[in-house]
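Below: the structure, in structure tokens.
The values are calculated or read from the model by the stated rules, or taken from the named source; none is laboratory data. This is a predicted model, so every value here is computed, not measured. When we count neighbours, we look across all protein chains shown, and the Cβ atoms used for this are built from the backbone with ideal geometry, even at glycine. The protein model used for the area step is the full one, side chains on, heavy atoms only, and it has no ligands, DNA or RNA in it. Shrake-Rupley method; radii C 1.70, N 1.55, O 1.52, S 1.80 Å.
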Amino acid sequence: MVNIQSIQPMQLLTRLCGLFAAVMLFGLGFVGVAHAGYAAIVIDPATGEVLSAVNADEQNYPASLTKMMTLYLTFQALQTGKLKVDQDLPVSSWSASRAPTKLGLRTGQTISVNDCILGMVTKSANDAASVIAESLGDNEGHFAEMMTAQAALLGMSTTHFANASGLPDPNNTSTARDMAKLAMALYRDFPQYTHYFSTEEFVFRGQLIRGHNRLMDRYPGMDGLKTGFTDASGFNLASTAVRDGRRLFAVVLGGRSASARDNLMARLLDDGFDNQPTPETLVAQAGVPSTTRRVLAALSPIGTAEADETAPAHRRSSRCTPHSKSCPRVSKATHKGSTTRLSHRKHKKVMLASSNDQHD
């Protein structure tokens, strides 16, 4: 139980307001609010076959998976010559003020397009996403309109973007199916830039920036894409992996913890490569019921919510382990001689940031 006496008056007021908002949401039947429940999908892009799907068309909050569209438009601008990889972009007060996670950019600095891409792919930097948004759309609001328009062109019919990062906004919504379409479009339309998604860490202004995608270091054949987290969305992940020359794409939304989400993703891919669906019960075990998440979202101060895996310590920890009976099976033999699909790679791909960055 929470000790009420230990809570500061403003903290208590914030929690009470959040609780009131939660009650109102329940009372109104969540009109206009995304379902924000668990969902998963696995697709074979070569055939278009959906190998597994659970709640794939339910509206959810994509969190930092949103940055995949920011990256799509960035790659598009690079391809058309509107941007150059080594081009320096200005950091505005708006970009510098974005909530964590971020690179810590300051107003008046510059940052290269290359470093914005690396910052978004690894640390899921919200300030880097806003720098790109302002450079391509003049302001982030207009850039979000560009993102939504591009989503429509890609057949993402149930997606609406409200910002470039995935920071909490009730109008920033998508589905597992639409996020899978976006992931596949990135690899189809910009093969020359997909190497960015395999970057696990990079050196930026003397500091080693590590990525959030822990599963990519443990699942053989996985070479991207993107993680995401907010209180409202839960733990999200879009992944792609190759086995025996065959590539699959998968998306998990609404995981109850990073490890539960990762374990589910590994199981989804294993089953996908075996051409069989993953039981819906296992997807449900890895997620948080949508009603519970709505309360958590209402109790979370939306202005300071973070758009990736910097959840409070009590949210980061998980009782779910690969050997727990309550967890999805994370690996299994899929061909003769195979005993596991999870491993530990000895070498990580590290990229260096541009050398001409302005530091002050």
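Conditions first: (1) surrounded by fewer than 20 Cβ atoms within 10 Å (Cβ to Cβ); (2) touching an Asp or Glu at 6+ places or on another chain (Cβ under 7 Å). S130 passes all but one, so which condition is the exception?
Result: S130 fails condition (1) only.
Taking the criterion of being within 20 Å of the chain's Cα centre (by Cα), of a type in the set (A, V, I, L, M) and either outside any helix (DSSP H, G or I) or more than 21 Å from Y187 (Cβ to Cβ) (or both), would at least one residue in segment 90-104 satisfy it? Talk me through it step by step, then tell me what you get.
Step one: list which residues in segment 90-104 are within 20 Å of the chain's Cα centre (by Cα), which gives 95, 98-104.
Checking the rest, the ones that are also of a type in the set (A, V, I, L, M) come to 99, 103.
Then keep just the ones that are either outside any helix (DSSP H, G or I) or more than 21 Å from Y187 (Cβ to Cβ) (or both); that gives 99, 103.
So far as segment 90-104 goes, yes, one or more of its residues are within 20 Å of the chain's Cα centre (by Cα), of a type in the set (A, V, I, L, M) and either outside any helix (DSSP H, G or I) or more than 21 Å from Y187 (Cβ to Cβ) (or both).
Just to check your reading of the model, which residue among I132, I117 is part of a helix (DSSP H, G or I), under 16 Å from the mean Cα position of the chain (by Cα) and among the β-branched types (V, I, T)?
Details: I132 fails: under 16 Å from the mean Cα position of the chain (by Cα).
Going through I132, I117 in turn, just one is part of a helix (DSSP H, G or I), under 16 Å from the mean Cα position of the chain (by Cα) and among the β-branched types (V, I, T): I117.
Output the number of residues of segment 147-168 satisfying the condition of being touching a Phe, Trp or Tyr at 6+ places or on another chain (Cβ under 9 Å) and open to solvent by 10 Å² or more (accessible area, probe 1.4 Å). Full working, then the answer.
First, the residues of segment 147-168 that are touching a Phe, Trp or Tyr at 6+ places or on another chain (Cβ under 9 Å): 147-148, 150-151, 154, 161, 163-164, 166, 168.
With the extra rule that they be open to solvent by 10 Å² or more (accessible area, probe 1.4 Å), the set shrinks to 148, 150, 154, 163, 168.
Adding up the residues that qualify gives 5.
The rows are residues; the columns are (1) crowded, with 19+ Cβ neighbours inside 10 Å; (2) out of contact with any strand residue (DSSP E or B) (no Cβ under 7 Å at 6 or more places or on another chain).
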position	(1), (2)
A39	yes, no
V42	yes, no
P45	no, no
L51	yes, no
A56	yes, no
M68	yes, no
Y72	yes, yes
A77	no, yes
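Residues to consider are T74, T70, T47, T66; find the one that is more than 30 Å from A133 (Cβ to Cβ) and either at pLDDT 95 or above or of a type in the set (S, T, N, Q) (or both).
Going through T74, T70, T47, T66 in turn, just one is more than 30 Å from A133 (Cβ to Cβ) and either at pLDDT 95 or above or of a type in the set (S, T, N, Q) (or both): T47.
Could you grab me the full set of residues in segment 208-253 that are modelled with pLDDT of 95 or more, open to solvent by 10 Å² or more (accessible area, probe 1.4 Å) and among the β-branched types (V, I, T)?
Scanning segment 208-253 gives a single hit, V242.
In segment 96-110, is there at least one residue being among the hydrophobic types (A, V, I, L, M, F, W, C), at positive phi and at pLDDT 95 or above?
Checked against the condition, which is being among the hydrophobic types (A, V, I, L, M, F, W, C), at positive phi and at pLDDT 95 or above, segment 96-110 yields no hits at all.
Could you list, in sequence order, the residues of segment 254-273 that are surrounded by 24 or more Cβ atoms within 10 Å (Cβ to Cβ) and out of contact with any helix residue (DSSP H, G or I) (no Cβ under 9 Å at 6 or more places or on another chain)?
Selection gives L269, D270, G272.
Determine the pairs where a residue that is within 23 Å of I117 (Cα to Cα) and at pLDDT 95 or above, located within segment 152-181, has a partner that is among the basic types (K, R) and in a loop (DSSP other than H, G, I, E, B) with Cβ atoms under 8 Å apart, the partner being 6 or more residues away or on another chain.
S165/R98; L167/R98
Just to be sure, is V203 at pLDDT below 95, farther than 24 Å from L167 by Cα, more than 19 Å from the chain's Cα centre (by Cα) and part of a strand (DSSP E or B)?
Values: at pLDDT below 95: yes; farther than 24 Å from L167 by Cα: yes; more than 19 Å from the chain's Cα centre (by Cα): yes; part of a strand (DSSP E or B): yes.
Considered against the rule, which asks whether it is at pLDDT below 95, farther than 24 Å from L167 by Cα, more than 19 Å from the chain's Cα centre (by Cα) and part of a strand (DSSP E or B), V203 comes out as yes.
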